[in-house]
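The values are calculated or read from the model by the stated rules, or taken from the named source; none is laboratory data. Bear in mind that the values here come from a model prediction, so they are computed numbers and not experimental data. Here the Cβ positions follow ideal geometry from the backbone for every residue, glycine too, while neighbour counts run over all protein chains shown.
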Amino acid sequence: SDKEYRCDGCGIVIQTEDPSQLGYVPPKVLEEREEVYCRRCFRIRHYNEIAPVEQDPDIYLHKLAEIAETDSLVVQVVDLFDFSGSWIPGIHRHIGKNPLLLLANKIDLFPKSTKWGKLKDWLRKYVKELGIYPVDIILCSAEKGIHMDEALEAIEKYRDRRDVYVVGTTNAGKSTFINRILKEVAELDEIITTSPYPGTTLDAIRIPLDDGKAIIDTPGIVRKDRLSEWVRPTDLHVVIPKQPLNPRIYQLNDQQTLFFGGLARMDYIEGERQSFVCYVSNHLYVHRTKLQNADAFLEKHHGKMLSPPQDPAQLPPWKKHRFFLPGHEKQDIVISGLGWIACGKEKGLVEVWAPKGVQVVVRPAII
Ligand code: GDP
């Protein structure tokens, strides 16, 4: 028939011709089933196996640019664990004159002692510097169902009988959030495929609202400058945290080094003794050593004790980033997709090594 089917998992248009292409479903399945999942989503759901997809970031950006032409509310989901890495570059151009509601997701990863009001102020200041003035910022956890009511109420309030576009980079938790909405609103469970693998939602999904409008889930924007995009799928569970972060505190003298598995390294070159608090996945091995011994240690243990990766050649060679700690206010050094290191209040010189292409930046302390 001429009817267009879409995958209930990722929203891509279903095709029955070419198994090697996206959206493939065997013709028989399409006839027999009420729910259809493309081969890729089927695999993710059933075998936790991922078929690599060729994604053209430009196509996704074009889709975003269409939003500027609409009259709608834009809901941007960001990942608090990787705030700058989950930001959509140039978002203000894409949304046009439409209001933006910010959903700061994954608060469940933050320590219980976090001062949420301060965190919100931090976010507001951060996005203001990017020229963004959100109508509201909701701190939430889509996965744990924290503050979902607030998020839905804010959407209802600010959409004002308009369509809602949900945007975000891959892995921010957009699909998980959409699933939540479906669950709470329509009592449908787990309709959209979520997975820790980047790029699961491939095409737009529409959730009809009772006034004829809709919530439109857009494809995740791919950002390649995050370490989590580079590690093997089998190593993602070591890198992407699932439990609240146990901050790991190191009092370092200068000329000391921290290794983050075999993925990155921080050398404290110069400065007074001070604390470096590591906010990385609890499963990631952090090793302290003297700077003097660090090269030899790496040489000997890279891919073994210092892993992931199992094979250092899987990742681009490391590039060095230098940071001067100003001394008066606390700074975080962020290794995108891996986490951050909260530095103490002493002046100092730090060098961070991470695979070339991964964003490494410094920011005022988030907590
Ligand atoms: P999408 O690419 O933006 O659609 O992201 P997904 O919804 O597929 O989520 C990406 C990963 O983040 C998955 O491993 C989710 O389990 C995880 N995730 C989503 N929401 C949360 C959250 O609130 N807290 C935590 N800790 N993880 C989350």
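See the values below:
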{"read-out": "Any hit, the stretch 199-212, residues being more than 16 Å from the ligand (Cβ to nearest atom), in the same structural domain as L61 (by TED's automatic domain parsing) and modelled with pLDDT of 85 or more", "value": "no"}
{"read-out": "Residue ID - farthest from L123 (Cα to Cα), chosen from residues in the stretch 340-367 that are hydrophobic (A, V, I, L, M, F, W, C) and touching a Pro at 6+ places or on another chain (Cβ under 9 Å)", "value": "V358"}
{"read-out": "Residue check for D108: over 20 Å from R223 (Cα atoms), within 15 Å of the ligand (Cβ to nearest atom) and either touching a Pro at 6+ places or on another chain (Cβ under 8 Å) or part of a helix (DSSP H, G or I) (or both)", "value": "yes"}
{"read-out": "Residue in the stretch 169-176 that is away from the ligand (no atom under 13 Å from the Cβ), at positive phi and at pLDDT below 95 present", "value": "no"}
{"read-out": "Complete set of residues in the stretch 132-168 that are among the basic types (K, R) and either part of a helix (DSSP H, G or I) or away from the ligand (no atom under 16 Å from the Cβ) (or both)", "value": "K157, R159, R161, R162"}
{"read-out": "Subset of the stretch 246-259 (residues that are out of contact with any Asp or Glu (no Cβ under 9 Å at 6 or more places or on another chain) and free of Cβ contacts under 8 Å to residues at least 40 places away in the same chain)", "value": "N246, R248, I249, Y250, Q251, L252"}
{"read-out": "Filtered residue count, the stretch 99-124, keeping only those that are closer than 25 Å to I67 by Cα and either surrounded by fewer than 17 Cβ atoms within 10 Å (Cβ to Cβ) or free of Cβ contacts under 8 Å to residues at least 12 places away in the same chain (or both)", "value": "1"}
{"read-out": "Given (1) part of a loop (DSSP other than H, G, I, E, B); (2) under 18 Å from F81 (Cβ atoms), number of the condition K345 does not satisfy", "value": "(2)"}
{"read-out": "Test: residue in the stretch 152-161 that is among the acidic types (D, E) and either modelled with pLDDT of 95 or more or in contact with a helix residue (DSSP H, G or I) (Cβ under 6 Å, 6 or more places away or on another chain) (or both)", "value": "no"}
{"read-out": "Test set (1) within 14 Å of the ligand (Cβ to nearest atom); (2) outside any loop (DSSP other than H, G, I, E, B); (3) in contact with a strand residue (DSSP E or B) (Cβ under 7 Å, 6 or more places away or on another chain) - I88 fails condition number", "value": "(2)"}
{"read-out": "Of the criteria (1) touching a Gly at 6+ places or on another chain (Cβ under 9 Å); (2) more than 16 Å from the ligand (Cβ to nearest atom), which one L245 fails", "value": "(2)"}
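Residue-by-condition table, conditions (1) over 21 Å from A214 (Cβ atoms); (2) within 16 Å of the ligand (Cβ to nearest atom):
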{"residue": "S72", "(1), (2)": "no, no"}
{"residue": "Q76", "(1), (2)": "no, yes"}
{"residue": "L103", "(1), (2)": "no, yes"}
{"residue": "K118", "(1), (2)": "yes, no"}
